[in-house]
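These notes are about the structure you will find just below.
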Amino acid sequence: MKIVIAFYRIRDADDAHAIVGRETAEAADLDEAIEIALELLRTLDMPQRPDGVTITDGDGSTIHSRRLDTIENLDERPPP
């Protein structure tokens, strides 16, 4: 399935979201989509460290969303 992975910053004052990175990819299922997102988190050159990620399907429906501070070993990623 075609997926769109969007990384975003969250402004605490009003919970506004700003996209800092977006990529499209093909994934067999949700587990593979999440693995692709984690790999992009480690390798994608983004202007700021994202606070969250959303994965949408080809129709634009959200199939996964989470804050990145809940992912273990996030600090293993090189700084942007």
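In the stretch 29-53, the residue that is nearest to Tyr8 (Cα to Cα) out of those that are aliphatic (A, V, I, L, M) and either in a loop (DSSP other than H, G, I, E, B) or open to solvent by 70 Å² or more (accessible area, probe 1.4 Å) (or both) is Met46.
Please go through (1) modelled with pLDDT under 95; (2) exposed (fewer than 14 other Cβ atoms within 10 Å of the Cβ) for Glu26 and return the number of the only condition it doesn't satisfy. Answer for Glu26: the failing condition is (1). Hey, any hits in the stretch 11-21 for a residue that's more than 10 Å from the chain's Cα centre (by Cα), modelled with pLDDT under 95 and closer than 13 Å to Leu68 by Cβ? Yes: one or more hits.
The values are calculated or read from the model by the stated rules, or taken from the named source; none is laboratory data. This one's a predicted model, so the numbers in the text were calculated from it and none came from an experiment. Counting neighbours? That spans all protein chains shown, and the Cβs are built from the backbone with ideal geometry, glycine included. Side chains included, ligands, DNA and RNA excluded: accessible areas come from the protein's heavy atoms. Shrake-Rupley method; radii C 1.70, N 1.55, O 1.52, S 1.80 Å.
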